[in-house]
Amino acid sequence: MMNLFAVLIIWSKIILGLSQTPNTTISLTATELALVKDIWAKVTPQANELGAEMLERWFLSFPETKGFFARFDLSHGSNDLLIEGGKILNAFGNAINYVDDPAGLRVAIRDLRAYNLELNPDNFPLLSHIIQVVLASHFPDDFTIEAQAAVDKFLSEVSNFLISDHRSMHQG
């Protein structure tokens with residue numbers, strides 16, 4: 001029989017999302033997945049430019065995040081912003097292809113972490129918000145309420161996985 005302390009530890013891990021094995025499924029409906037894929041099909045050809053804008057907006061809105069990119073030229077339109085921003089958006093786009101494949105999703109999301117997202121986990125939701133601002137400003141006709149809700153759900157679930165993965169890697 002489990003003692004009260006063990007039950008409290010398990011409960012706190014469930015509530016706080018600190019389990020050793022992060023959830024690697026993204027629960028999008030077929031309609032939501034189609035909406036996310038449609039938006040991302042428009043992002044992909046412009047990933048570098050949109051990614052650079054995403055990073056610029058992020059740095060302007062949350063200047064403390066610049067420190068994670070200290071080795072880069074952060075000036076407007078720099079090649080570093082274009083390349084790194086494009087890598088980040090393309091990594092999110094790649095994760096979309098594995099929504100129904102937990103093993104592939106785990107690899108795709110870990111690839112996303114490799115693209116300069118060694119950040120404080122609290123910044124992942126901020127980045128998700130900035131991505132949505134960029135999408136809304138560039139694709140106003142396509143970024144409907146339904147599309148925004150689907151993209152938000154996708155980015156939130158990816159962010160939750162990244163946070164959980166980050167915590168499980170840094171638990172002592």
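None of the figures in this text is laboratory data; all of them are computed from the coordinates on show. Given the structure is predicted, the values throughout are model-derived calculations rather than measurements. Every residue, glycine as well, gets a Cβ built from its backbone with ideal geometry; the counts of neighbours run over all protein chains shown.
Quick notes
- Aspartates and glutamates with Cα under 17 Å of residue 37, excluding same-chain neighbours fewer than 8 positions away: 100, 101, 141, 142, 146, 152, 157
- Each Cα pair under 8 Å and six or more residues apart adds its sequence gap; the mean of these over the residue count of the stretch 26-167 is a relative contact order of 33 percent.
- Theoretical FRET efficiency, 1/(1+(r/R0)^6), r = Cβ-Cβ of residue 29 and residue 64, R0 41 Å, to 0.05: 0.70
- Extension gain, residue 107 back to residue 42 (0.36 nm per residue minus Cα-Cα distance, nm): 21.0 nm
- Calculated FRET value between residue 80 and residue 156, using beta carbons and R₀ = 30 Å, to 0.05: 0.60
- Footprinting exposure proxy for 35, 82 (fewest neighbouring C-beta atoms within 10 Å first): 82, 35
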